[in-house]
Every structure is written in C-alpha cells, then in structure tokens.
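All remarks here apply to the structure that follows.
The values are calculated or read from the model by the stated rules, or taken from the named source; none is laboratory data. It should be emphasised that the depicted structure is a prediction, and the values quoted were computed from it without experimental measurement. Glycine gets a Cβ as well: all are built from the backbone with ideal geometry, and neighbour counts include every protein chain shown. Heads up: the accessible areas ignore ligands, DNA and RNA and are worked out on the full protein's heavy atoms, side chains in. Shrake-Rupley method; radii C 1.70, N 1.55, O 1.52, S 1.80 Å.
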Amino acid sequence: SGRHSMLPRHVQRLGRDCIAHWNGSQILALNSPVSSCMRWAGHYPWASFPLPVPVDFSANWRLPPFFGPWRQFQNANWQLDNFLQSSCFHLPNPSMKSEGEEPLTKKRRLSGQHDPSIPEEETNFSNQKEALCLSSAQNEEKHSCKKGTVKRHWEYFCQHSRTMKMKNFENKETDQSNTESEAKFDFTVMSYNILSQNLLEDNSHLYKHCRQRLLIWTYRFPNILQEIKQLDADVLCLQEVQEDHYRREIKSSLESLGYHCEYKMRTGRKPDGCAICFKTSKFSLISSNPVEFFRHDIPLLDRDNVGLVLLLQPRFHCKTNAAICIANTHLLYNPRRGDIKLTQLAMLLAEIASVAPQKDGTFCPIIICGDFNSVPGSPLYRFIKEGKLNYEGLAIGKVSGQEQFPRGQRILSIPIWPKKLGISQNCVYEIKQQQQKEENEGQFPGQENKILCFLFRLSSKLQHHFKLSSVYSHYFPETGIPEVTTCHSRSAVTVDYIFYSAANDDTAAQPGAEDSFCGGLKLLGRLALLTEKDLWTVNGLPNENNSSDHLPLLAEFRLIER
C-alpha cells in the first residue's frame, strides 16, 4: 500500500506522500448532499448570487476513465452528469506556503535576470489551516458545512437612481425615449478576473480547499457566463481570459448577449490576456489601443503583462460629441518587483493620456479597471488616487503592499525606468510632453532654465494628470473590517479596482476631484463586496457557485456633460 503509481501527476503533486486506497474514502467520498441554490436576498432583485448551474447527475455512476495526463482528462468527453449528486473528490492537502510567498511555479516562470532578493527556499506555516491527511468523516464534515450561499447587496449613492432602477426592474419595457432618459446617460461597468484555467492548474496549491470537480473548465465557464448574464453590465473588463477559451466559446457567447469584444493576449508564451466587451446598444467603438508592457531592449520590462484602452462613443443625443475612455489591465504579481509594477502603470497611464484628450484640451471621462496586484493604501494605490508619488528611498518590496514584512529591501532607483522608454515622470509620452513644453516656452519666454531646474528637482516624483476616485472604499464603515476581492488558500485581500474620473458634484468621490475633465462621471451605485469571513462560510473561492478566485466588481455611473 505505497503510492499509487497510476495517479496523474497533478494528483500526485497535490497528494504528495499521502496514500490512496481504492477501498477507502480518502480519495472518493460519497453521500455528501449538494446544496441547492437560493435566490439572492439582496437589494438588487435582478441579480442572483450565487448563480445556479443546472446539473443533471446520472443514476448509474461509473468512475470516469481520467487516470492519465491532466490535459487528456481535461479535454476528454467527460461531463458532470457522469457523477452522482452525492459524489465528490477530496485530495490531501500539501503543506501551505508562507503568507505572501510567491507561488513556486511563478518563480520558475519568471524570465529575465535573477533577483537576489528572492530566496530559493520556501518556508511552511507551523500551524496549517488544515491537517495534511483528514479522515473521510472529517473531510465530509468540513466540506458539507462550507456549502450555501453568500449575499451581496446593491449600495446606492443616489436616491433617484434607486427609484428609477427599481421602476425599471418592475417594468423592463420602460420607454427609454422619454425626456429624462434623453438628458442622462447611465451605464454599468464590471471588472472581473475570471481565473485562467492554465494559471489555475499551474498554481494548484492555491486551490487545495476546493473540490476538484469544481475546478474543471466545463464546470466553471457556465457559472461565469451565467454570472455575466445576471449582472448584465454594459461594459465588461475581464482579466485572465485564456486565448483558446476566448476564441472557442467566450467571444461567441458574449456576442450572443449583445456585446462587441476587444481582446489583447499577453506577449510571449502566456496564454491569457485582457478583454473589454461593451453592449453595442449602448456604445460604439471609436478606437482600440492595446498596450504591451514587455520591451526586449529594456531589461526592466521583461514581463508579459498587457493593458487595453478603448475610446467609446455613447449612443445618445447630447450637446457635445461625448466620449468615454475605458482601460483594463492586469499588472505583475511579484510582490518584490514594485519597480516593474510602477513602470507598467506609467505605460498604461501614458496610453490613456494619448487617447483621452478632447479638442478643448480637457480629458474625456475615464474609467480604469483591473487586477493591480496591490492593496489599498499602498504607494502604488495612492499614486493612482492622488496623482503623485515621491518614491525617493522607497523599498522596492513595499510598492504594492502585498507583503507585511517584505524581504526585498532594495531601494527604487531614480529614475525607475530608462529614458529610452519614451515616457516622462508625468506618465505621458515624451513627444507629447515636448510639445507642451514648447507651447509653454512660447507663452513664457525666458523660463526654459527654470523649467529644466524644476524638472530636475522632481526627478524622484511621479505624477499623472487624472483626478481619479475609487468605486469602493475598501473597508466596511460600521466595523472597519476590510473588503476583499480575492480569496483562496493563501490569502484574502483587495487587489481589484474600478477607478473613475469623478464629476464635481459626485458625493461618492474623494476630495480633490477637480474639473480637468469634460464633464465627468457620477457614481450612482455599486455591488457591495464581502469580508474574508463571509467568503469562508462558503469555502472561499472558487466554490460551487462562484467559479473564479476573484469577485466581480460592478458599478453604475451617470455621464455628466459640462
């Protein structure tokens, strides 16, 4: 009764030194009832959360012939209806990595120079969340108590928005051609990291709390698609969209729901990317601008992350040719490479600055969505919201705030990125800044030396010209408990955001949102987030009803014309 040599590699890797018995229940556990989905009892009656997935289990269950390579099993004609309703797989838990440790698989995949600040060894928690080998009774009790539903409600910032939305829910055939609708343009935006299947498999240690059947793409995709249908956002900003899945089923499924899709895959061998999809009944496309953060001639930029910037035209009658800039990105994960994260962010902001200007010199309203792999209050987060960051003396491992006690103490260099990148410390393309400089010299002759001296003094200061607010406040005001947007075996934090350029009368915006924009956006409402405790009541993420390790973020805006 040694190791079972016929188990596939991923099972052996997850199970490690645990023994598998056919006649035991360490691998196969039966008679665990599957909970039924309940109607979401929040204040947003048109959204079900969690979302039901129809499962028709066969009465005559046979063990599926999947013992072979994982890819072969994944691509086989195996369906959920081959399982009994009461069957599930439980795999022994490998030892957990220390909090904040980067997944070993990600370390192996990192390209470029070796970072001496990253140790080769990985430490283990002395007190693990779960024992390495549980008895079948313990396993069954643990999983059965983690089933159920979790509620999310809609938070309103405008009483008129609440009244109108409830009215629209009661009568979906509401005439949109009335005078009030013509004068206002309301729309919803979702940001959602849907968890690439490839990344899920490469980082399986993050999902050891999950039943294996819940991690199969054929189970996950219907859940994700149903969630998108129910939330029915006018604009979708999706991260970790795997290219083959996008090409085969995601794009066509979203197009059938009335979306036009733009997609940018990561560079190199990375199989996923970012997508922005918008309802053609609400917007038309002006331009699509992909951003690649990899530069072969700049050693600092050796990672394959990307961004995507769209300029959209609302389909409604207005006094001016209003446009909205929507950006989506997924920044580098590595907590100890804040220099790369800031440079990637600067490149995205520079692209937005080149796309969003209007004829009168102001910026059109801007929305920036994505997984920024940075926590609230971190230097990178503050830079986005405050528009400035003095990084002199800042440790490279403290930029994103992902690690409470960062091991990399290397200080950010000044400047962070080389001049040949072509982006200034103001996060605009150098050509654009040179044109502005020449215009200023024409208006203020004899000030050239003072301008150069001023720029030199600000060499350790990053700036951008967007006055951005966050849709979410990141803490529950009644308790001070943090909101979380992602929750798996290793951590539960906020790393996903929706930032927007707020109108002057937006009471939900933070102070300092000035009128450098053509009008702006008023936040009408948002889909509330949850606490870590809330999510672990349903066994974290992914779970039976929520098929990503991230929660979708959803906000409703009103376009305000100046």
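General remarks:
- Relative to one another, the C-alpha centroids of the stretch 381-421 and the stretch 209-265 are positioned 34 Å apart.
- Carbon plus sulfur fraction of accessible area for the stretch 355-432, probe 1.4 Å, in percent: 55
- Expressed as a whole percent, the accessible area of the stretch 181-272 that falls on carbon and sulfur atoms is 46 (1.4 Å probe).
- Ordering of 531-543, 189-201 by burial proxy (mean other Cβ atoms within 10 Å per residue, highest first): 189-201, 531-543
- Shape of the stretch 177-280, Cα gyration tensor, a/c cut at 1.5: prolate
- Shape category assigned to the stretch 340-438 from the gyration tensor of Cα positions, a/c cut at 1.5: oblate
- For the stretch 280-408: rounded, prolate or oblate by the Cα gyration tensor [a/c cutoff 1.5]: prolate
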